[in-house]
Amino acid sequence: MFEIAFFGFFMHVLWYVVGSFLTSHNYYNYAHSLFYMLPQGTSVVAVLFPVVFMLLYQYCTNHKKNFWIYSAIGCFLFAYGYNVPMSAIDLVRLHKGMNLFYVALLDVAVVFLSYGVTHLFLKLQRRT
């Protein structure tokens, strides 16, 4: 349980930092914010992305599936399946050469880094 929760928490924090960077440097932004007093809202991706990949992580762990392949496919499906409809109704705007392929690569980097850090902590826990 701790393993899955740590994976999701690390992914949430990492994606929030990446999203904040992209938003503050005007690569990727949202047309509307949730609350006017926040300079940039917590994106749906920072909330939905970790939950989906926590479930995928649990599925792959329980069924002995290759998480790397499943998550890479999931990242591209997530990037194109979420951002295309949001761009079509003008809720997400991409600027400065940012495109959906780069968003998918950022998703992959966040998931793989979260997975690596989770397994690093698991090795450290087993060592003690």
When the helices in the chain are scored as -39500 (n - 2.57) per DSSP H run of 4 or longer and the sum is shared across all residues, what 222 nm value do you end up with, to the nearest 500 deg cm²/dmol? -25000 deg cm²/dmol
Whole-Hz ³J(HN,Hα) for each residue in segment 6-21, computed from phi via Karplus 6.51 cos²θ - 1.76 cosθ + 1.60 with θ = phi - 60°, x for glycine and proline: what do you get? 5, 4, x, 5, 5, 5, 4, 5, 5, 5, 5, 5, 4, x, 5, 4
Quick one: Y59, Y16, fewest Cβ neighbours within 10 Å first, how do they rank? Y59, Y16
Quick one: helix 67-88 against the long Cα principal axis of the chain, what's the angle to the nearest 10°, folded into 0 to 90? 20
Could you give each residue of segment 89-102 its phi-based ³J(HN,Hα) in whole Hz, using Karplus coefficients 6.51, -1.76, 1.60 with θ = phi - 60°, and x for Gly or Pro? 9, 6, 9, 10, 10, 10, 10, 6, x, 5, 9, 5, 5, 5
Loop-exposed trypsin sites (Lys or Arg not before Pro) per DSSP, neighbour cap 14 Cβ within 10 angstrom, longest uninterrupted part of the chain: 1-63
If contacts are Cα pairs under 8 angstrom and at least 6 residues apart, what is the relative contact order of the chain in percent? 35
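Every read-out reported here was derived from the displayed coordinates using simple, explicitly stated rules and does not represent laboratory data. Since this is a predicted model, take the numbers as computed values, not measurements. Cβ atoms come from the backbone with ideal geometry, glycine included; neighbour counts cover every protein chain shown.
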